[in-house]
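The values are calculated or read from the model by the stated rules, or taken from the named source; none is laboratory data. Because the structure is a prediction, the values reported are computed rather than measured. Cβ placement follows ideal geometry from the backbone for every residue including glycine, while neighbour counts extend to all protein chains displayed.
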Amino acid sequence: MTISLAWADRVAPGRIVAWTVLFLGGVVMILPFVYMLATSFKDNSEVYDLSLLPRHPTLENYVELFEKTAFARWFLSSLLTSTVTTISVLFFDSLVGYTLAKFDFRGRGLVFVAILSTLMIPTEMLVIPWYVMAKTMGWLDTYWGIVFPGLMTGFGTFLMRQFFDSVPDDLIAAARLDGLNEFQIWWQVAMPLVTPALSALAIFVFLGNWTAFLWPLIATSSKSLYTIPVGLAAFSGEYQTQWEMVMTGASVATLPVLFVFILFQKYIVNGVMLAGLKG
Amino acid sequence: MASVSIRGVVKSFGKTPVIHALDLEIAHQEFVVLVGPSGCGKSTMLRMIAGLEDVDLGEIAIDGRVVNRVAPKDRNIAMVFQNYALYPHMTVFRNMAFALRAARLPQPEIERRVHEAARILGLTELLERRPGELSGGQRQRVAMGRAMVRDPAVFLFDEPLSNLDAKLRSAMRTEIKKLHQTVKTTIVYVTHDQVEAMTLADRIVIMRDGRIEQIGSPLQVFQKPTNVFVAGFIGSPAMNLLTGTVHRDGDGFRTTWPGGPTLPVPARAVPKLTDGQAVIIGIRPEHVSAIDGPTRLPADWQIEAEIAVVEPLGSETLLLARFGDHELTGKGDGRTIPRPGQRQRFGFDLDHLHLFDRANERALT
């Protein structure tokens with residue numbers, strides 16, 4: 001009886017529709033990824049062939065990518081800038097978020113609104129003042145020049161403030177009585193309680209910087225400082241684009257992200273759900 | 001080991017005053033309970049002793065040393081919070097050892113103290129668990145253990161039992177009392193539950209709207225409430241309070257309320273009364289007894305009323321009775337349980353009658 005009920009439940013029309021929609025959604029999401037991977041194994045003559053299986057699979061593109069271009073260097077640049085930015089954002093945004101959530105001081109609301117208002121300004125508008133600043137300070141074409149605008153974010157501060165708000169005040173009072181100073185309370189008591197938010201923020205910031213194109217393009221001119229997106233763009237020439245190389249580079253670029261996701265899947269999904277954000 | 005002195009302490013939140021020039025002396029090793037309804041300022045007072053809130057005016061001294069400007073960690077106090085405030089990401093052991101580690105005590109000393117407290121509180125088996133894996137009562141014990149290991153001069157408890165179910169609350173009350181007898185430390189305990197206050201305290205401080213209404217031993221505040229508020233607040237079920245008047249009757253006075261009997265006033269109240277004075281008459285339910293058979297009580301110490309609600313408690317029965325516009329709670333013996341709507345005779349034990357001046361609500365008896 002239970003089995004037949006379960007079966008009836010499983011084939012209910014609502015479920016079939018839901019599965020179909022989810023399946024189609026999944027296909028739409030994954031198809032470009034599969035096409036990218038397939039193209040990376042095709043040779044130049046096959047690039048415009050839409051088939052998902054290369055007729056003459058080859059690793060030639062990968063060999064060329066690592067031997068004839070500075071891809072490895074770009075990869076390291078991306079890894080360095082994304083990692084530094086992520087660590088900095090996690091540190092400073094959570095510090096500011098904690099202060100805004102747990103300390104009562106004059107002008108607190110104003111500071112918070114000011115930080116929030118930075119979320120309304122698009123990157124394209126900020127690029128000019130960033131450029132002027134970087135040029136004045138002599139930061140153009142340096143790693144520091146690439147990372148400085150992203151070392152703190154309004155979004156991260158907002159997110160962390162919301163999460164620290166839910167840390168019980170009594171816990172902080174208890175830590176104060178236990179003899180911790182304010183910095184220790186933040187680090188030893190409050191931070192471990194917001195790890196889901198930290199994971200979510202980390203993945204957003206890392207991904208955002210890993211795929212960032214506009215600012216690294218403007219901030220760098222030496223090929224050795226290129227990040228992956230800037231480097232891959234260099235495969236697009238005035239007359240033709242080496243799509244197989246772009247796809248190969250993009251495939252390799254996906255690996256660390258995929259690795260991070262698989263490793264921290266549980267935290268990321270939790271974090272995204274808790275943050276009420278779209279992945 | 002320490003005394004706590006609170007002298008003329010004033011506290012406001014913004015423009016809202018919460019504590020009005022409060023004075024209180026707590027002796028060494030004394031168990032003092034601050035009790036009062038929500039918003040009376042009792043928790044704020046406790047947090048000021050702890051140093052978690054600033055004092056606007058006045059002084060707080062622990063063992064003779066004024067601590068207004070001393071950081072919470074340097075006041076030699078430990079606090080148990082209402083929601084336990086255990087660090088959820090740490091094991092029971094680490095929770096209990098946290099303050100000791102912060103104070104950089106040597107590891108063997110930390111282990112000795114934590115294990116000793118765990119033994120006293122029956123937590124030895126739970127030391128490697130996290131707070132999320134513990135029941136409410138166990139968490140409460142860990143919170144107490146965390147306070148104990150620090151060997152503080154003063155323990156502060158902020159409504160520690162209010163999140164527990166009735167049975168566990170009663171068990172934990174006993175544990176806290178035992179703890180006090182074992183460690184013999186000064187305890188300041190905040191609760192809104194007058195039963196907790198009565199059972200635990202050496203002295204009860206009853207607060208309302210940031211002021212102390214009465215300070216005394218549990219029996220004192222129960223038997224001799226100084227005003228209507230204390231009379232109504234202490235005791236469960238609450239004292240019957242009826243609006244009436246007193247009239248001269250020969251050498252003494254008699255009191256009555258609209259529709260009620262005329263009762264002789266106890267001699268101890270006579271000097272303070274005037275003819276026709278407006279009063280509030282107070283009598284506890286245990287002194288309003290259901291009478292089923294013959295009695296030696298004088299006829300004018302008795303009334304007949306209609307039973308409205310019956311609450312059997314096993315050993316006795318609470319009876320809410322109505323006569324005229326008034327309601328009165330009395331007690332039956334628990335052997336015969338009357339039905340709602342039934343007429344029932346009640347006798348007053350007038351030796352325990354309280355009279356309060358209706359103008360200032362102060363006690364006259």
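Here is how the numbers come out for the structure above:
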| read-out | value |
| --- | --- |
| Candidates B:130, B:141, filtered to the one that is assigned by TED's automatic domain parsing to the domain that holds residue B:26, under 16 Å from residue B:81 (Cα atoms) and without any contact (Cβ under 8 Å) to a residue 60 or more places away in the chain | B:141 |
| Filtered residues of segment B:309-326 (kept if under 16 Å from residue B:241 (Cβ atoms) and touching a residue at least 40 places away in the same chain (Cβ under 8 Å)) | B:323, B:324, B:325, B:326 |
| Test: residue in segment B:137-153 that is surrounded by fewer than 22 Cβ atoms within 10 Å (Cβ to Cβ) and assigned to a helix (DSSP H, G or I) | yes |
| Contacts under 7 angstrom Cβ, first residue in segment A:153-174 being within 14 Å of chain B (Cβ to nearest Cβ), partner assigned to a helix (DSSP H, G or I) and of a type in the set (Lys, Arg), 6 or more apart | A:172/A:102 |
| Subset tally (residues that are surrounded by fewer than 20 Cβ atoms within 10 Å (Cβ to Cβ) and within 14 Å of another protein chain (Cβ to nearest Cβ)) for segment B:48-62 | 2 |
| Odd one out for residue B:121 among (1) in contact with a Phe, Trp or Tyr (Cβ under 7 Å, 6 or more places away or on another chain); (2) of a type outside the set (S, T, N, Q); (3) surrounded by 17 or more Cβ atoms within 10 Å (Cβ to Cβ) | (1) |
| Test: residue in segment B:10-22 that is surrounded by fewer than 20 Cβ atoms within 10 Å (Cβ to Cβ), under 30 Å from residue B:238 (Cβ atoms) and in contact with a Leu (Cβ under 9 Å, 6 or more places away or on another chain) | yes |
| Candidates B:86, B:105 - the one that is more than 26 Å from the chain's Cα centre (by Cα), in the same structural domain as residue B:213 (by TED's automatic domain parsing) and among the hydrophobic types (A, V, I, L, M, F, W, C) | B:105 |
